1. Taking the Cα centroid of region 231-255 and of region 96-115, what is the distance between the two, rounded to the nearest whole Å?
2. Using the beta-carbon distance between residue 236 and residue 15 and R0 = 25 Å, what value does 1/(1 + (r/R0)^6) give for FRET efficiency, to the nearest 0.05?
3. Would you calculate a helix-derived [θ] at 222 nm for the chain, using -39,500 (n - 2.57) for each DSSP H run of n ≥ 4 and dividing by the full residue count, to the nearest 500?
4. Based on the alpha-carbon set only, what is the convex hull volume of region 185-288 divided per residue, in Å³?
5. Need the full-extension length gain, residue 293 to residue 104, defined as separation in residues times 0.36 nm minus the C-alpha distance. One decimal, nm.
6. Out of the chymotrypsin sites (Phe, Trp or Tyr not before Pro) in region 1-90, which ones are loop residues according to DSSP with at most 13 other C-beta atoms within 10 Å?
7. Dipole of region 205-329 (Lys/Arg Cβ +1, Asp/Glu Cβ -1, origin at the Cα centre): which of 292, 304, 265 lies farthest to the positive side?
8. To the nearest 10 degrees, how steeply does helix 367-379 sit against the main Cα axis of the chain, on a 0 to 90 scale?
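The values are calculated or read from the model by the stated rules, or taken from the named source; none is laboratory data. Being a predicted model, the structure only gives us computed values, none of them experimental. We place every Cβ from the backbone using ideal geometry, glycine too, and count neighbours over all the protein chains shown. Please note that ligands, DNA and RNA were not included when accessible areas were found on the heavy atoms of the full protein model with its side chains. Shrake-Rupley method; radii C 1.70, N 1.55, O 1.52, S 1.80 Å.
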Amino acid sequence: MDFSFTDEQKHLRRSVREFAESEIAPHVMEWDEAAHFPSELIPKLAEMGLMGVIFPEGYGGAGLGYIEYVIAIEELARVDGSVGLTVAAHNSLCTNHVYKFGNEEQKRKYVVPLAQGKKLGCWSLTEPEAGSDAGGTRTVAVRRSGGWALNGAKTFTTNGHYADVCVAMAVTDKEKSSHGISAFVIERGAPGFRPGKKENKLGMRASDTSEVVFNECRVPEGNLLGAEGEGFINSLQVLDGGRISIAALALGMAQGAFEAAASYARNRKQFGRAIAEFQAIQFKLADMETQIEAARLLVYQAAWLADRKDIRFTRESSMAKLYASEVAVSVANEAVQIHGGYGFIKDYPAEKYYRDVKLCTIGEGTSEIQRLVIARQLLGKK
Ligand SMILES: Cc1cc2nc3c(=O)[nH]c(=O)nc-3n(C[C@H](O)[C@H](O)[C@H](O)COP(=O)(O)OP(=O)(O)OC[C@H]3O[C@@H](n4cnc5c(N)ncnc54)[C@H](O)[C@@H]3O)c2cc1C
């Protein structure tokens, strides 16, 4: 077994880290307080290839794999989870759904500008009444003169307000339950399509989370993505990859919180000594780093499997997402504790990691749902 990164992967990590520290870190708190979505960053992310990490160069991407994708998300999230989430939803949900299930014409039309970062993507599965039970989708699509009309509303769509391209799931045959939901690609400006309420959030405040509304939204036949009725089933495969990116997001934030806590512990003096000299603090730091390393192994294992391409990695991506997100919540909690009262104050980064990281136990399937997915796999139920 070889756990080492290649020189190219090390170079990518250094480049993304330098980028995040110079272009993102100085603005993190300002963006968070204002809930500002940093559109101005997208061309810079695109220039680095980060808007199309996992797509072939022939489709406008960077031609890299999931290992490199995890490195990139991890390094962005170490500085700001919101930017990591924006990039993750764009790459592994929207663009990857079109790349995996679109026909050649759709891939040329949508994947190329998305992977080049000329367009921003979002992916809408969740509805107010269909969250964990996404098969309970109520948005409908009916055939109308050579195309489709969509009606309904999606909630909690990352990038929903700013996206140029939206992949959305809608019921096309309610008799067929989960095999009666189809995927559609909708462009900004399509008649009857508009972003709705922008959510005001606990954390990840520089990431956009919005409602997406379809009111007699007309799309041509050519915008049906994949086979009719298979959109929900295909979404589950899209989520296998997406969950690796949420695991990477959690890992990056855990690493950032840990580094902030370790540095604080070395500098903060109480009782005439640095608090890092107290065994109680040392044990916290030792546990935090051990948990992060264990999570890292699961996340990179899932990424390595995803790069094999010929095998399903549902169980491993769910395990990585479950473990990394729970570890990240615990590490961020301990980071606040190590900062004492200053952990509660916005002058220090610990409180923001604590708020941001909670999303990772919820988005792309809650921890409870990951456990269901893992249990189904291990008990052999499909
Ligand atoms: C910031 C943010 C960004 C998001 N981005 C996107 C996006 O881009 N696209 C998208 O489609 N969605 C997105 N989501 C939605 C997210 O995936 C859902 O919030 C999530 O799947 C949970 O659904 P829910 O919120 O309806 O909770 P519910 O499903 O109502 O769950 C409530 C609680 O019940 C538990 N529960 C539910 N069912 C079961 C069960 N069978 N067994 C045990 N426990 C259960 C859950 O684990 C949870 O604790 C986003 C959400 C957030 C907060």
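1. About 19 Å separates the Cα centre of region 231-255 from the one of region 96-115.
2. Working: r = 33 Å, r/R0 = 1.33.
So, using R0 = 25 Å, E works out to roughly 0.15.
3. Taken over the chain, the calculation gives -14500 deg cm²/dmol.
4. Spread over its residues, the Cα hull of region 185-288 gives 148 Å³ apiece.
5. Contour length minus the Cα-Cα distance gives 64.0 nm.
6. 3
7. Ranked along the dipole, the leading option is 265.
8. Roughly 70 degrees, rounded to the nearest 10.
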